[in-house]
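Data block below; observations after.
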Amino acid sequence: MDEVVKGQVAEIISDRELILNRGASHGVREGMYFKILDPKGFKVEDPETGEYLGGLKRVKVVVVATQVADKITLATTFRTKTINVGGENRTGLESIAKTLAAPKYVERVERLRIDPNAARPITPEESIVSKGDPFESTNRAGAEAAETVAVWE
């Protein structure tokens, strides 16, 4: 992979799009992948010695560059998740219709919104990503594998 491009989120455009503060003059190309990170992260210290052991970066979301200008990049979410929007095939006192209905799975594209069922546009308060959040480039395999839990620093 080329040199890692790092920067910050400049704007949240919609529930799937954001602007990065790096562009072609920084080595960004259309199709590049970026991990949007939690700026806080975690610092891990040894409880016995107090020695710094390392840190964790929390990945909020992964995006791909769709339009690249000289100093900025439009990036969008792209990963999908399979979710059940149908029946649950469960027993108990739940709704009989829902209990007997077969599961119905659909693919949903990852969004920047805290409430995935809400429609766009998006306000800063509703977004899991904030203006100023750090990002770093990654390759496709890194983007596909990036968990939103933690990555060692």
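Filter the cross-link list 43/81; 35/104; 6/40 down to pairs whose alpha-carbon distance in this structure exceeds 22 Å.
On the way: 43/81 30 Å; 35/104 31 Å; 6/40 16 Å.
The pairs that break the limit, which is 22 Å between Cα atoms, are 43/81; 35/104.
Could the peptides 47-60, 68-81 be put in order, highest first, of the mean number of other beta-carbon atoms found within 10 Å of their residues?
Answer by packing, highest mean first, reads 68-81, 47-60.
Given the Cα-Cα distance of residue 51 and residue 14 and 0.36 nm per residue of separation, how much length would full extension add, in nm?
Working: separation 37, 0.36 × 37 = 13.32 nm, distance 4.22 nm.
Separation in residues times 0.36 nm, less the Cα-Cα distance, equals 9.1 nm.
Report the full-extension gain for the segment residue 125 to residue 78: residue separation times 0.36 nm, less the Cα-Cα distance, to one decimal in nm.
On the way: separation 47, 0.36 × 47 = 16.92 nm, distance 2.19 nm.
Additional length available on full extension: 14.7 nm.
Taken together, the values in this text are just the output of simple stated rules run on the coordinates, not laboratory data. Worth saying up front: this structure is predicted, and the values here are computed from it rather than measured. Counting neighbours? That spans all protein chains shown, and the Cβs are built from the backbone with ideal geometry, glycine included.
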